Every structure is written in C-alpha cells, then in structure tokens.
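Here the structure comes first, spelled out in structure tokens, and everything after it is commentary.
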Amino acid sequence: MKKIATIALALGLSASTAFAGGYTVPVVESTPVVAGTSSSNAGILIPALLLVGVAVAASSN
C-alpha cells in the first residue's frame with residue numbers, strides 16, 4: 001500500500017509541474033491609424049451653391 005501511495009504521489013507531483021504557468025495569449029501590437037484629411041471644404045461649398053441658386057431664382061422673376 002505504501003508503494004502505491006508513493007507512486008501516486010510521484011506521478012501527481014510530476015504531472016502538476018507539466019502544466020505550471022498555463023497558456024498565455026501572445027500580445028500583438030497594432031499600428032496606429034492616421035485619419036486622412038480632405039482638401040475640399042464642403043462647409044463653405046454647400047452654402048455658396050445655395051446662395052447662387054437663390055440669386056438665379058430671384059433674377060429669373
């Protein structure tokens with residue numbers, strides 16, 4: 001009985017060291033994304049076109 005307990009203890013201790021630390025997920029660093037800026041300014045273009053449209057409509061009366 002003592003031999004079986006000794007063998008079980010030796011197997012138990014050797015098996016626990018095989019899994020020490022566990023699995024860690026590798027860390028992958030991503031490259032930063034730089035948002036591009038557009039060269040046109042739509043904030044000025046739309047009101048300007050609206051103003052031209054109103055001027056053409058007013059002159060056609």
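The values are calculated or read from the model by the stated rules, or taken from the named source; none is laboratory data. Owing to the predicted nature of the structure, the values given are computational and were not obtained by experimental measurement. Note: areas computed on protein heavy atoms with side chains; ligands, DNA, RNA excluded. Shrake-Rupley method; radii C 1.70, N 1.55, O 1.52, S 1.80 Å.
If I ask for residues that are aromatic (Phe, Trp, Tyr) and either modelled with pLDDT of 75 or more or under 26 Å from the mean Cα position of the chain (by Cα) (or both), which ones from segment 1-50 would you list? Selection gives Tyr23 alone.
Residue-level analysis places Ala55 among those that are open to solvent by less than 90 Å² (accessible area, probe 1.4 Å) and modelled with pLDDT of 80 or more.
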